[in-house]
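Participant: One structure, as structure tokens, below. Some questions next.
The values are calculated or read from the model by the stated rules, or taken from the named source; none is laboratory data. Here the structure is a predicted model, which is why all the values come from computation and not from measurement. Here the Cβ positions follow ideal geometry from the backbone for every residue, glycine too, while neighbour counts run over all protein chains shown. The area values use the complete protein model at the heavy-atom level, side chains included, leaving out ligands, DNA and RNA. Shrake-Rupley method; radii C 1.70, N 1.55, O 1.52, S 1.80 Å.
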Amino acid sequence: GIFHYTDLDSGKPLFSIANVLEPGSFDLANIGDIETPGLAMFMRLPAPIDGEKALLTFVQQAKRLKEQLSGKLTDGQRRELSRETLDDLKNTARRFRVTAE
């Protein structure tokens, strides 16, 4: 009952989107009628692709949802996502590079 954004090359989940209301899932049979105060997007690193690229995709899709739903982007403490927080996330993501085997 949650959504996964998958990497097209590997087919593996890149990040997920859940309902902020308990239990976090969506009633897919009635998805068109759902009202919720928010969505929770989350990603685990390492990802199937380089961390920085995964984070860029994550942020792009979050911004896209924000625009489509007339919402706002917040951090884990539900404060508006700041440039500093985004920079910290980028620095963390850079540590997760995918190397060819």
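Participant: Report, by residue number, each residue of segment 10-39 that is aliphatic (A, V, I, L, M), touching a strand residue (DSSP E or B) at 6+ places or on another chain (Cβ under 9 Å) and surrounded by 14 or more Cβ atoms within 10 Å (Cβ to Cβ).
Facilitator: Hits for segment 10-39 are Leu14, Ile17, Ala18, Leu39.
Participant: While we're on this one: Could you check how many residues of segment 66-81 are open to solvent by less than 100 Å² (accessible area, probe 1.4 Å) and either out of contact with any strand residue (DSSP E or B) (no Cβ under 7 Å at 6 or more places or on another chain) or assigned to a loop (DSSP other than H, G, I, E, B) (or both)?
Facilitator: 6
Participant: With part of a helix (DSSP H, G or I), small (Gly, Ala, Ser) and modelled with pLDDT of 95 or more as the only criterion, which of Ala40, Ala18, Ala62, Ala29 stands out?
Facilitator: Only one candidate passes the filter, namely Ala62.
Participant: What are the residues in segment 1-15 that are in a loop (DSSP other than H, G, I, E, B) and touching a residue at least 40 places away in the same chain (Cβ under 8 Å), if any?
Facilitator: Passing the criteria: Asp7, Asp9.
Participant: Moving on. Given the conditions (1) within 20 Å of Gly71 (Cβ to Cβ); (2) crowded, with 16+ Cβ neighbours inside 10 Å; (3) of a type outside the set (A, V, I, L, M), and given that Asp50 satisfies all but one, which numbered condition is not satisfied?
Facilitator: Among (1) within 20 Å of Gly71 (Cβ to Cβ); (2) crowded, with 16+ Cβ neighbours inside 10 Å; (3) of a type outside the set (A, V, I, L, M), the lone unmet condition for Asp50 is (1).
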